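The values are calculated or read from the model by the stated rules, or taken from the named source; none is laboratory data. These figures come from a predicted structure and were not determined experimentally. Don't worry about glycine lacking a Cβ; one is built from the backbone with ideal geometry, like all the others, and counts go over all protein chains shown. Just the protein is used for accessible areas: all its heavy atoms, side chains included, with ligands, DNA and RNA removed. Shrake-Rupley method; radii C 1.70, N 1.55, O 1.52, S 1.80 Å.
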Amino acid sequence: MPHHALRKDTHIAILGAGITGITMASKLLDRGFQVTVIDRQRYPAMETSYANGGQLSASNAEVWNSIGTVIKGLKWMLKKDAPLSMNLAPSWHKYSWIAEFLAAIPRHDANTVETARLAQMARGHLMDMASKAGVAFDIETRGILHFYEDAREFEAGRRSTDLLRKAGLDRKELTADGVRAIEPTITADVVGGFFTESDFTGDIHKFTKGLARYLEAQGVKFLMNTSVTRASATLTGVDITASQNGTAQQMSFDGVVVSAGVGSRDLAAQLGDRVNVYPVKGYSITVNMPDESAQDAAPWVSLLDEKAKIVTSRLGKDRLRIAGTAEFSGANYDIRADRIKPLLSWCQHHFPDVPTDNSVPWAGLRPMMPNMMPRLGRGKNPRVFYNTGHGHLGWTLSAATAQIVAADVAEAFEPRPTFSGIGRPSAA
Ligand SMILES: Cc1cc2nc3c(=O)[nH]c(=O)nc-3n(C[C@H](O)[C@H](O)[C@H](O)COP(=O)(O)OP(=O)(O)OC[C@H]3O[C@@H](n4cnc5c(N)ncnc54)[C@H](O)[C@@H]3O)c2cc1C
């Protein structure tokens, strides 16, 4: 009997309808599973997968666990409009996370190479999903350009390029003129840059929502507006208690994949695992540009300003997304005016002919693991799986990690071999 026929009777719940949960649903459906996606929001991609930086960036794969980042971070903590903001109020979760972040410094190089490898693996899977589902998501395949105004930072960038090369990524070094040749709208006093032609950008929300709509038509069940309040697993299945409009319901599944973004830590604890995701807040503005003069003055190539730690993506001709900031203040969704201001000022400084009078502010919580590597595959219980903790690179990595975790799920539910001629399950 083909495996697909057997898997039709195997029902997997996916907790979370962000980019990780929806790509996961796609890959499990491909393998013939019956899939139900559960999310507390009314629509898919309403939390962190809503208005991020838009970059599909293998070139930004370097993990932050380094002495250099720690020193920079300490300096930034003293500056009001810096890319990092830390609420120093006591919190066991935050300080245990920071301790684990520091402990992962020796793995910096290996984890960077592994992340860059995953990012490149993701590209093909993402494009396959988009074309199968017929999703338009304002994709721009013009590469990603890192630019530098500080010679020391530029030198450090060269070391990252060497690491990325180990993962097979071609990131070209550019002179200041080379930077302006690639993106003529840049007026900053740059010392040089790096260009990764194979990187690209797109609208994560459009992609996730479009793919979800397609999957629903293909038979994936969506329970939206449904908050998971309890999850427990036994050796034979998983029980979920969820609340929809105040009414609790009990459901049973054969297995579960946790893709709940910053909600993954709590759910994992209920399922018997420690998944130390911390919510690292970031902000974006989406600058709407109805006028042709603004459209001409805005960059088409996606940028990463190494000094400000700000990224941009052009989402079609009339939208420019600008994103940045890492704020450690717990599960707090407030859009702070003093954190939006540096993004507006950055746009005014670098692209003075792009008016920001029509721009939409947003904040989202990056589900970040202390070692900055996503938590993938099996939990302690054989019915429990994770595809979560993608931090600042969930858009870049999800298509690959969904593929990896779907293979783990398929393997776990593989029919056991039988003794030929006897036809009873193997004792193995
Ligand atoms: C400012 C900013 C810029 C970024 N820029 C980039 C970029 O340029 N490139 C890149 O690759 N990445 C970027 N990222 C990171 C990327 O956006 C995230 O890694 C990704 O969106 C995380 O997806 P997710 O599916 O893990 O989480 P989410 O999208 O948050 O999805 C999790 C879902 O789980 C649901 N959920 C949680 N708990 C429960 C519960 N108990 N019951 C029911 N539902 C629940 C939530 O409602 C949510 O819909 C950026 C992030 C930010 C904040």
All aspartates and glutamates inside 14 Å of residue 206 as judged from Cα atoms, apart from same-chain residues fewer than 8 positions distant: 47, 138, 140
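Can you work out the FRET efficiency for the pair residue 9 and residue 100, with r the C-beta to C-beta distance and R0 = 45 Å, to the nearest 0.05?
On the way: r = 40 Å, r/R0 = 0.89.
Between residue 9 and residue 100 the formula returns 0.65.
How would you classify segment 84-192 from its alpha-carbon gyration tensor, with a ≥ b ≥ c the square roots of the eigenvalues: rounded for a/c under 1.5, else prolate if a/b is greater than b/c, otherwise oblate?
Details: a/c = 1.68, a/b = 1.17, b/c = 1.44.
Since a/c reaches 1.5 but b/c is at least a/b, the shape of segment 84-192 is classed as oblate.
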Could you pull out the pairs from 94/341; 281/341; 166/307; 307/341; 209/281 whose alpha carbons sit more than 19 Å apart here? 94/341; 166/307; 209/281
At 10 °C and 1.306 mPa s, what whole-number value in µm²/s does Stokes-Einstein give for the translational diffusion of segment 64-110, with Rh from the Kirkwood sum over Cα pairs? 136 µm²/s
Using the alpha-carbon atoms, what tilt in degrees (0 to 90, nearest 10) does helix 67-76 show relative to the longest principal axis of the chain? 60 degrees
Degrees, to the nearest 10: 204-217 long Cα axis against longest axis of the chain: 20 degrees
Which FRET efficiency value, to the nearest 0.05, do you get for residue 187 and residue 252 by plugging their Cβ-Cβ distance into 1/(1 + (r/R0)^6) with R0 = 60 Å? 0.50
Taking only Cα atoms, what is the 0 to 90° angle, nearest 10, from helix 151-166's long axis to the longest principal axis of the chain? 30 degrees
Output wanted: per-residue J couplings in Hz (rounded whole) for segment 260-275, from phi through Karplus 6.51 cos²θ - 1.76 cosθ + 1.60, θ = phi - 60°, x for Gly and Pro. 9, x, 6, x, 5, 4, 5, 5, 4, 4, 5, 8, x, 10, 9, 10
How high is the relative contact order of the chain? Use alpha-carbon pairs under 8 Å, at least six apart in sequence, and give a whole percent. 25 percent
Select from segment 65-123 those trypsin sites (Lys or Arg not before Pro) which occupy a DSSP coil region and have at most 15 other Cβ atoms within 10 Å, ordered by residue number. 79, 80
Calculated FRET efficiency for the pair residue 297/residue 177, C-beta based, R₀ 25 Å, to 0.05: 0.80
Sort largest first and round to whole Å: the equivalent ellipsoid semi-axes of the chain, each the square root of five times a Cα gyration tensor eigenvalue. 38, 22, 22
Mind ranking 254, 177 by accessible surface for me, highest first, 1.4 Å probe? 177, 254
Using θ = phi - 60° and Karplus 6.51 cos²θ - 1.76 cosθ + 1.60, couplings along segment 110-122 (whole Hz; Gly, Pro as x): 4, 5, 5, 4, 5, 5, 5, 5, 4, 4, 6, 5, 5
Pull out the extension gain between residue 348 and residue 131, defined as 0.36 nm times the separation in residues minus the alpha carbon to alpha carbon distance; nm, one decimal. 74.5 nm
Once you've got the GNM for the chain with C-alpha springs shorter than 10 Å, pick whichever of 389, 377, 54 has the biggest mean-square fluctuation. 377
Long-range amide H partners of residue 277, meaning residues 5 or more apart or on another chain whose placed amide H is closer than 5 Å, are 265
State, to one decimal in nm, how far the label point of residue 81 lies from the label point of residue 156, with both points 7 Å from Cα in the Cβ direction. 2.1 nm
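If each residue of separation counts as 0.36 nm, what is the full-extension length gain between residue 165 and residue 336 once their alpha-carbon separation is subtracted? Kindly include the intermediate steps, with their values, before the conclusion.
Numbers: separation 171, 0.36 × 171 = 61.56 nm, distance 3.82 nm.
Length gained between residue 165 and residue 336: 57.7 nm.
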Might you report the magnitude of the Cβ-based charge dipole of segment 3-412 about its Cα centre, with Lys and Arg at +1 and Asp and Glu at -1, to the nearest 20 debye? 1120 debye
